[in-house]
Amino acid sequence: MNTVEEILDFAIDREQQAADFYSNLAERVSSAWMKDMLLGFSKEEMRHKGKLKSVKLGDKLLNADQHVQDLKIADYTVDVEPAEDISLQDALIVAMKREKAAYRLYSDMAANIDDPELKSLFLGLAQEEAKHKLYFEVQYDEQIMRDN
Amino acid sequence: MSLKDLISPFYVWQRAFEKPYTQKRPIEDRPGAPRYRGFHMNSEECIGCGTCESICQNHAIDMVPVEGLEQRAGDSGLRPRFDYGRCCWCALCVDICTTRSLHLSNHYAWVTEDPDAFHFTAGTDAMPWNQNSLGYRRDDDYHLLVHDRVEMQALSAEESVAGFDEVMRGYTEEEAVLEADRCVECGICVATCPAHMAIPDYIRTVRKGDYEAGLRLLYETNPFSSTCGRICTHRCETVCVMGYQGDPIAIRWLKRAIVDRVPQEKYREILGDEVEENGKTVGVIGAGPGGMSAAYYLRRQGYAVTVYEAQARAGGMLRYGVPSYRLPDNQLDKDLEYIRSLGVEMRFNTQVGRDIPFTQLLDEHDALFLAVGLNQPSALRIAGEEHPRVLSGLRVLDDVASGKDPGVGKRVAVIGGGNVAMDAARVSRRLGAEVDVLYRRRIEDMPADPEEIRESQAEGCTLVPQAIPVEIRNASDSNQVTIVWGEAEMVADDKGGRPRPVLQEDRMHEETYDCIIAAIGQGGQIDFIPAEFRDRIEFKWNKFVPGDYQQTGLEKLFVGGDIANSRADAISAIEDGHHAARGIHRFLSGALDG
Ligand SMILES: Cc1cc2nc3c(=O)[nH]c(=O)nc-3n(C[C@H](O)[C@H](O)[C@H](O)COP(=O)(O)OP(=O)(O)OC[C@H]3O[C@@H](n4cnc5c(N)ncnc54)[C@H](O)[C@@H]3O)c2cc1C
Ligand code: SF4
Ligand code: SF4
C-alpha cells in the first residue's frame, strides 16, 4: 500500500467486509427485529463505503486534527461473540469494538509512515472510524444505558 | 321683532375668530395616573388558560385563536380578545391571571371611527399602548388564587424505611375538597396527560363530593385509576397553570381521592359496564397495564378477550417492579379485578414464543394486541460482572414483590438513576442496608421521578453522581464484591442529545460492598416475532414503531406500552391499550370510532 489509491481501496474493502459481516449475521438470526437491526448496521457500513468512494473521486476526508469525542465506552466493555442469538446490547458492543479496532489500525499505520500525504490520509481514515465508533457509543448510551 | 333681535345671532360670529376656551385634545396632555386602569396589555408569558374569560362578569373576554400561534403542551394557543363595549375595567382578569401576564396600561384614550376596532386581542394586536410601562398590575401580596398545595399525610422517612407500608396516606375528604378548590378548571393539563383524562371535570366531582360521577369520568380513559392515583408520572402537573405562581394542583392525588372512596364491589353498578358479545376474539399478549387496559375497552365493545401472560399474576411491572410502599398490592388488584370481572380470560404462565407460538395466536384470533413491556435488564458488560454478588435490579424487586428475600446484605451499591435504581435503593434501605447510588450523569439528569429521588435521599440513600463503573473485582471476603469506578466529566452532545459522561481515567475509585445492584436500563424480548414478518413490521432498535391506532403493517397486530413508546410509564401504556382497542374495533367492525 504505497499510493493514496491503494490505501483507499483497502479501506473501501474493509467497509464492504463489515457490511457483509452484518448482513451474514442477519441471515442467521431468527427474529424479525434483530434481522432488521443488523441489516440496518450493514447499511450504515455501506454508507461509509460510499463516503470513501467519493473521497476517491475527490471529496475530502475528515480533517485529521478535527476533534471527535471519545466516550470510552468501547474501552471498558468486555468482548462478546457475534452469535445467532446475539442481543441488541452485544451487537452494539461488537459494532463499537470493530470501529475502535479500525481506528487503531489506521492510527498505527499513520504512526509508522513518513510520507506526509499518506500519513494525513491514514489519520483522516482514523478520524472517520472514530466518528463511526462515536455513533455506536452514543446508541449504546441511549438504547442500553437509558437509566444510567 | 326689533332690529336688535334680528341681528343678535350674528354677534356670535365675532367669537368665531377668538382663541377657543376649550382644549382641543385635552387627553393627550393629561396622562393617566400611574396605576390607572386603562387598556389591557398581555405579555408573552400568557399560555391561554382562559381564567380571565371565566372570571369576567361582563363577558368582555373571548379566548380566540391567533395566527401563527400553535397549540402546544401547556399552551392552548388561544389568547384573550377584549370587547370594550362590555369591559368595565374592574381588573378582575388581571388579579386572577395565573401567569401574571395580563395587566392594564394607564392609557385610556382611544379615538377611532371604526366601531369594530374596540374588539382587540391584547398582546398580539399592535396597539399604541403596548409599550406602556405604567398602569395596573396585581400587588404581590394580593391573591385571588390559593398557591399552596394541600400536603398529603405521609409516613416520616424513619417510619417509611421501617417496612413496606404505603408512604403516602391519602387525602381526607376535607383536604381533597380544599385542594380541588384551587383548580381554576382551565383544562390546560388535559392535552399533556397521555390519556387525555377529563382532569378539570373529575376535580369538580371531588369538590362536589360526587365520587360516583368522578369514577365514571376516570374510567372513560383509564381503568387503572387506583394505580395511577398513586404512581402516575403526573406529566399533567408539569403544565398546570397553578404552577406558575405556586404549586401545581395535586391532580394525581385527587384521582386517588375519588377511587379511595368507592369500594370495588360498587364499580359495576356505578360504571354500568354491560358486555354484549359480538362474536369476535382478540388475543392480548402481556397482562401489564397496556394489555389489561386494551382488554377492558375491548371487552366493553363485546370482544372475547384472551390474555396470554408469562408470569403467574397480572399487573406486569406494576406488580413485579413497583414496590408496595408506593403501590400496595390490594390497590393494583382493585383495578385488575374489576377489569377481569368483565369476563376476560387469563392464560397465566404462558409465555408466547416458548409455550405457544406467535403465529398460532395470529391464526386463532381476529386481532392481537401486544404489550410485552421491557423486562430484560441490560447487563453491565464490564469485566467481572459475573461475580455472584452482582444482582439485577429487576430481580431484586421481583424477589421482594414475590415475598422472597433478595439477600442484599448490609452495604449496597446501586448502579443507575432510573425508576428501577431508585426502587432497588429504597427497597434495600428497607431491608436494612446502607445504600450508595452510583450514576454516570448528574442528579438533574436522572430519569427517575424527582419525588422519588428526594424521597430516596430522605430515607438515607447516598447519591454519587458522575460515577462510571469500569470493573468488578473479587473482594477479600468472598461474600463481598469490589467495584472500580471513575469520575465523569459531562460533555455537550453536538447533535443536541443529553450531555454525555466521559470517563476521567486519572480519577478512579475503589469500593467494597455486600452486593452491587445493576439497574442501568432494560430492553424488550420480542424475538418470538419470526423473521418472515420483518418487511411488514417497523422496528426502531428493539421497539416497535406502530402506525395509526397502534396498528402494525401486519394488519392483525396492534402494539403498545413500553415496547412501543418512548415514554415508558404506566399511563402511556394504558393510553396505548385504549387507543389500540379503538383501532381494533375500527379494524374489525369498520366502525369509524370505538
Ligand atoms: C421498578 C419500576 C418502577 C416503576 N415506577 C413507575 C412509576 O412510578 N410510574 C409509572 O408510571 N411507571 C413506572 N414504571 C414503568 C411502568 O411500570 C411501565 O411503564 C408499565 O408497566 C408498562 O406497561 P406495559 O403493559 O407496556 O408492560 P409491562 O408492565 O412490563 O407488562 C408486560 C407484561 O407482558 C408479559 N410478557 C412479556 N413477554 C411475554 C411473552 N412473550 N408472553 C406472554 N407475556 C409476556 C410480562 O410478564 C408482563 O406481565 C416503573 C417500572 C419499574 C420497572
Ligand atoms: S377588566 Fe373586568 S370587565 Fe374588563 S375584561 Fe377584565 S374582568 Fe372583564
Ligand atoms: S389542574 Fe391545573 S391546569 Fe388542570 S384544569 Fe386545574 S388549574 Fe387548570
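Here is a check on your reading of the model: is residue B:240 at pLDDT 95 or above, within 15 Å of ligand 3 (Cβ to nearest atom) and closer than 27 Å to residue B:287 by Cα? No; evaluated as a whole, the condition is false for this residue. Total residues in region B:133-161 satisfying the condition of being under 38 Å from the mean Cα position of the chain (by Cα) and closer than 13 Å to residue B:39 by Cα: the figure is 4.
Checking the structure you have, find out if any residue of region B:334-351 is within 14 Å of chain A (Cβ to nearest Cβ) and either in contact with a Lys or Arg (Cβ under 6 Å, 6 or more places away or on another chain) or within 30 Å of residue B:268 (Cα to Cα) (or both). Checking region B:334-351: not a single residue is within 14 Å of chain A (Cβ to nearest Cβ) and either in contact with a Lys or Arg (Cβ under 6 Å, 6 or more places away or on another chain) or within 30 Å of residue B:268 (Cα to Cα) (or both). For region A:100-117, the criterion of a residue being among the polar types (S, T, N, Q) and outside any helix (DSSP H, G or I) is satisfied by at least one position.
Being more than 9 Å from every other protein chain (Cβ to nearest Cβ) and among the hydroxyl-bearing types (Ser, Thr, Tyr) is a property that does not hold for residue A:31.
Looking at the structure I just gave you, is residue B:360 more than 30 Å from residue B:150 (Cβ to Cβ), within 13 Å of ligand 1 (Cβ to nearest atom), out of contact with any Cys (no Cβ under 7 Å at 6 or more places or on another chain) and free of Cβ contacts under 8 Å to residues at least 24 places away in the same chain?
Yes; evaluated as a whole, the condition is true for this residue.
Across region B:124-161, the number of residues qualifying as surrounded by 12 or more Cβ atoms within 10 Å (Cβ to Cβ) and among the small types (Gly, Ala, Ser) comes to 4. Can you name every residue in region B:490-543 that is in contact with a helix residue (DSSP H, G or I) (Cβ under 9 Å, 6 or more places away or on another chain) and on the phi > 0 side of the Ramachandran plot? If the condition is that a residue be in contact with a helix residue (DSSP H, G or I) (Cβ under 9 Å, 6 or more places away or on another chain) and on the phi > 0 side of the Ramachandran plot, then B:521, B:541 are the ones that fit.
Under the condition of being over 14 Å from residue B:413 (Cβ atoms) and either within 12 Å of another protein chain (Cβ to nearest Cβ) or not in a strand (DSSP E or B) (or both), the residues counted in region B:464-491 number 10. Determine whether residue B:580 is within 12 Å of ligand 1 (Cβ to nearest atom), modelled with pLDDT of 95 or more, within 19 Å of residue B:447 (Cβ to Cβ) and of a type outside the set (Ser, Thr, Tyr). No; evaluated as a whole, the condition is false for this residue. Looking for something buried (at least 22 other Cβ atoms within 10 Å of the Cβ) and among the polar types (S, T, N, Q) - is there at least one such residue anywhere in region B:205-215? So far as region B:205-215 goes, yes, one or more of its residues are buried (at least 22 other Cβ atoms within 10 Å of the Cβ) and among the polar types (S, T, N, Q). Can you say whether residue A:69 is within 13 Å of chain B (Cβ to nearest Cβ) and assigned to a helix (DSSP H, G or I), as far as the supplied structure shows? Judged against the criteria, residue A:69 is not a match.
Determine which member of the set B:252, B:230 is without any contact (Cβ under 8 Å) to a residue 60 or more places away in the chain, under 20 Å from residue B:170 (Cβ atoms) and within 16 Å of ligand 1 (Cβ to nearest atom). Going through B:252, B:230 in turn, the sole match is B:252. Residues considered: B:45, B:67. Of these, the only one that is in the same structural domain as residue B:108 (by TED's automatic domain parsing) and either under 20 Å from residue B:240 (Cα atoms) or surrounded by 13 or more Cβ atoms within 10 Å (Cβ to Cβ) (or both) is B:45. Counting the residues of region B:410-430 that are at the interface with chain A (Cβ under 10 Å from one of its Cβ atoms) and either closer than 14 Å to residue B:458 by Cα or within 16 Å of ligand 2 (Cβ to nearest atom) (or both) gives 1.
Quick check, is residue A:126 away from chain B (no Cβ under 13 Å) and either at pLDDT below 90 or in a helix (DSSP H, G or I) (or both)? So residue A:126 passes the test. When residue B:510 is tested against (1) out of contact with any strand residue (DSSP E or B) (no Cβ under 7 Å at 6 or more places or on another chain); (2) surrounded by fewer than 18 Cβ atoms within 10 Å (Cβ to Cβ), only condition (1) is not met.
Let's see how each residue does on (1) within 23 Å of the chain's Cα centre (by Cα); (2) within 22 Å of residue B:147 (Cα to Cα); (3) within 16 Å of ligand 1 (Cβ to nearest atom); (4) at pLDDT below 95:
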site: B:71; (1), (2), (3), (4): yes, no, no, yes
site: B:92; (1), (2), (3), (4): no, yes, no, no
site: B:95; (1), (2), (3), (4): no, yes, no, no
site: B:98; (1), (2), (3), (4): yes, yes, no, no
site: B:101; (1), (2), (3), (4): no, yes, no, no
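Exactly one residue out of B:263, B:248, B:223 is under 19 Å from the mean Cα position of the chain (by Cα) and surrounded by fewer than 24 Cβ atoms within 10 Å (Cβ to Cβ), and it is B:248.
Out of B:396, B:400, B:408, one residue alone is of a type outside the set (Lys, Arg), in contact with a Leu (Cβ under 6 Å, 6 or more places away or on another chain) and buried (at least 16 other Cβ atoms within 10 Å of the Cβ). It is B:408.
I'm trying to understand the selection: among the residues of region B:492-530, which are polar (S, T, N, Q) and outside any loop (DSSP other than H, G, I, E, B)? B:504, B:512, B:522, listed by residue number.
Take region B:103-120 and flag every residue that is more than 8 Å from ligand 2 (Cβ to nearest atom) and in contact (Cβ under 8 Å) with a residue 24 or more places away in the chain. Listed by number, the residues that qualify are B:103, B:105, B:106, B:107, B:108, B:109, B:110, B:118, B:119, B:120.
The values are calculated or read from the model by the stated rules, or taken from the named source; none is laboratory data. No experiment lies behind these values; they were computed from the predicted model shown. Note: ideal-geometry Cβ built from the backbone for every residue, glycine included; neighbour counts use all protein chains shown.
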